[in-house]
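*Asks:* Have a look at this one.
The values are calculated or read from the model by the stated rules, or taken from the named source; none is laboratory data. Source: prediction; values computed, not measured. Every residue, glycine among them, receives a Cβ derived from its backbone with ideal geometry; neighbour counts consider all protein chains shown.
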There are 2 protein chains.
Amino acid sequence: MNPQTPARLTGSASMSFQNPVYVVSCASVVGKKEGEGPLGSKFDLVCEEPMFGEATWEAAESTMQKEAAALALGKAGLTPGDIRMTFAGDLLAQTTASSFGIAGMGIPFYGLFGACSTIGESLSLGAMSVAAGYGEHILCATSSHFASAEKEFRFPLAYGNQRPLSATWTVTGSGACVLSGTLPVPKIPEKTDPLISAEGCVQITGLTTGKLIDFGLKDSLNMGGCMAPAACDTIYRNFCDFDRTPDDYDAIFTGDLGAVGKRILLDLLKEKGYDIESIYQDCGLLIFDGETQDTHSGGSGCGCSASVLAAYILPELAKGTWKKVLFVPTGALLSKTSFNEGDSIPGIAHAVVLEHVSKKDQKQ
Amino acid sequence: MNPQTPARLTGSASMSFQNPVYVVSCASVVGKKEGEGPLGSKFDLVCEEPMFGEATWEAAESTMQKEAAALALGKAGLTPGDIRMTFAGDLLAQTTASSFGIAGMGIPFYGLFGACSTIGESLSLGAMSVAAGYGEHILCATSSHFASAEKEFRFPLAYGNQRPLSATWTVTGSGACVLSGTLPVPKIPEKTDPLISAEGCVQITGLTTGKLIDFGLKDSLNMGGCMAPAACDTIYRNFCDFDRTPDDYDAIFTGDLGAVGKRILLDLLKEKGYDIESIYQDCGLLIFDGETQDTHSGGSGCGCSASVLAAYILPELAKGTWKKVLFVPTGALLSKTSFNEGDSIPGIAHAVVLEHVSKKDQKQ
């Protein structure tokens, strides 16, 4: 092993970065329903028109994703030519929302598929690239769109199909982040809005790579249940690999387990000796008001955790509301073919450690 | 930029590794038709039975992919527990061949989608990880299956649909490689078969990341034509970024342009002032005998370049047949939805520089 490795490996699948990786900017774009939810005022852009000015749902998602990326670049005062690599993906077959979205910006592009965990995969690979010096600026993004996802995985909307209470509601949203090896630059030149507050900024300090976990569940309308074992596995390994307990984090966020998956995750972790209830939230439960928005178990989709990250988690981290956060996007690795053929729905979750860097600790 | 960066960045999207990245083992598994082709005797395993013992085409592909991975691990004398990360993908919607294939081996897993360029993406991210010290051993793999791909993208086989001469034939095959920061170990313990010959072994020394290139072509039965501009862009940028000419390579291999795409690539590169014809081959034209196997323009699919790499290119590189090879898998970023909605078919190509390391140059 190279003694000057940019990360220290711990346990079987975790690493902590020895070189700084800053989240220098982030942006979120969502649809009307998300804009009416509890985080509505925090998103950068709420598009009232679900087609985003396009002719198809897929093109709508691509346009939304490109818009989130353009906003994140603009906030950092960067152009596509400044970005060395993009890591992006989405839920659609052959990840076409990204191929016809961010990939068209002319930036060297690596397409990913981790289902709804994709922003975790994207941030992990982006952070690994920045820490290793493979690029000064890296763009990470994902998206989902309620209508393109329903078309891809479920039923024609016109069927008026009944959804069970365990079902989640795919978020129309996209989140994008720019990662850099140098500190975000305070608002110079003007019109930029890097992710920096009077208190500090945000650094990615470590990660735990997800493993596929399959408990044999087959209900695609209970994806929280399918994914909870993977979230448990990743969070548990994160604790073990870094020799941490829940007390070491101020907050833990999963991606889109929803009300059903959240309960299962808490139970599974209790069986392993960890109680995270007091610091644990799920992005799918933050983005919608389940009481009034008819979203049943909560929000889901690649865009759920990505947009909540960009609109809420990262800005609060920059302010110092939390010092250390474990962000754990969760994915259900099914296709309609695998589902129709009777396969189980395995899950995966990638964990990223996000830390507040206070002004006084910053080293240029 | 960290002065001890594990790679030197060149141009806008290339890097050369400063730390060694060895391909310590590789393996290929293919179907009957591929076994009857010109490279038939070189594959590790030819399965005469297209279902690979499974009940569905998708499961057949997953099993084939796992078998290739298991063979590659075995040749390196490693078990899944020795592998720090897997980078894998395939052509199916939501990359389920990999989710139900290699991802089930219990190794930390990053799912990729680059269409038929995926092995280039996988090797790129694997090499970046090894060079940075993010893992001692990394597994890279992709697969495709003729029947699962026809089902995913084209017509029910029973239609007896006519294929134009520009169409390619999706390869039933999988290729897997183990990348490590240390030299392959000669056959100790016995029963292993690392990628090392009396003459030397193989190192990944650099890469050029692909960009999405869209010439607006829309014919999904001429994917070679759709992908050739992306191959041209990546090869051209590789020459520029590294200040190289075709003379610097002993061979250049594209993934699956086939006869039609090959001709277009040669023409496009000539327009840019480069004639690569004497050193250029396409994996899709190597794997089948177009005269006798009714494969029209040639072979295609994620498994095409991956299995030709593992069966032919890497072993010849280890022997020293070539000293320096540019391996350029090519992908067409369509889905059946994007195609049916009338979208164009953008292409992407990721280039990996593979070099022979002679015995005398090896430093332990």
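Results for (1) more than 8 Å from chain B (Cβ to nearest Cβ); (2) buried (at least 24 other Cβ atoms within 10 Å of the Cβ); (3) not hydrophobic (A, V, I, L, M, F, W, C), shown as yes or no for each residue.
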| site | (1), (2), (3) |
| --- | --- |
| A:Ala70 | yes, no, no |
| A:Gly77 | yes, no, yes |
| A:Leu92 | no, yes, no |
| A:Thr96 | no, yes, yes |
| A:Gly104 | no, no, yes |
| A:Phe109 | no, yes, no |
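*Asks:* Which ones in region A:240-281 are assigned to a loop (DSSP other than H, G, I, E, B) and closer than 22 Å to A:Thr118 by Cα?
*Replies:* Those that are assigned to a loop (DSSP other than H, G, I, E, B) and closer than 22 Å to A:Thr118 by Cα: A:Gly255, A:Asp256, A:Leu257.
*Asks:* Could you tell me how many of the residues in region B:317-343 are surrounded by 17 or more Cβ atoms within 10 Å (Cβ to Cβ) and facing chain A (nearest Cβ under 9 Å)?
*Replies:* 7
*Asks:* Now a separate question. Can you say whether B:Ala59 is assigned by TED's automatic domain parsing to the domain that holds B:Glu150 and surrounded by fewer than 21 Cβ atoms within 10 Å (Cβ to Cβ), as far as the supplied structure shows?
*Replies:* No: the conditions fail for B:Ala59.
*Asks:* Next up: Run A:Gly303 past the list (1) of a type in the set (Gly, Ala, Ser); (2) more than 15 Å from A:Ala115 (Cα to Cα); (3) within 21 Å of the chain's Cα centre (by Cα) and report the number of the one that doesn't hold.
*Replies:* (2)
*Asks:* Would you point out the residue of region A:194-214, among those that are assigned to a loop (DSSP other than H, G, I, E, B) and within 13 Å of chain B (Cβ to nearest Cβ), that is surrounded by the most Cβ atoms within 10 Å (Cβ to Cβ)?
*Replies:* A:Gly210
*Asks:* In region B:129-157, what residues are in contact with a Cys (Cβ under 6 Å, 6 or more places away or on another chain) and either surrounded by fewer than 24 Cβ atoms within 10 Å (Cβ to Cβ) or of a type in the set (A, V, I, L, M) (or both)?
*Replies:* The answer is none; no residue qualifies.
*Asks:* Within region A:158-180, which residues are aromatic (Phe, Trp, Tyr) and surrounded by 24 or more Cβ atoms within 10 Å (Cβ to Cβ)?
*Replies:* A:Trp169
*Asks:* Looking at this structure, is A:Ser143 in the same structural domain as A:Ser122 (by TED's automatic domain parsing) and in a strand (DSSP E or B)?
*Replies:* When the stated conditions are applied, A:Ser143 passes them.
*Asks:* Still on this structure, please answer the following. Tell me, which strands (runs of 3 or more DSSP E) lie completely within region A:289-364 with 3 or more residues that are touching a residue at least 60 places away in the same chain (Cβ under 8 Å) and not aliphatic (A, V, I, L, M)?
*Replies:* It comes to A:351-358.
*Asks:* Kindly indicate whether any position in region B:258-280 is under 13 Å from the mean Cα position of the chain (by Cα) and within 17 Å of B:Gly347 (Cα to Cα).
*Replies:* no
*Asks:* Restricting attention to region B:215-239, report how many residues are charged (D, E, K, R) and in a helix (DSSP H, G or I).
*Replies:* The total comes to 2.
*Asks:* Hey, another quick one. Could you look through region A:179-193, keep only residues that are assigned to a loop (DSSP other than H, G, I, E, B) and among the polar types (S, T, N, Q), and pick out the one that is farthest from the other protein chains (Cβ to nearest Cβ)?
*Replies:* Once the filter is applied, the top-ranked residue is A:Thr192.
*Asks:* Same structure again: Which count do you get for residues in region B:280-296 that are surrounded by 18 or more Cβ atoms within 10 Å (Cβ to Cβ) and of a type in the set (S, T, N, Q)?
*Replies:* Here the count works out to 1.
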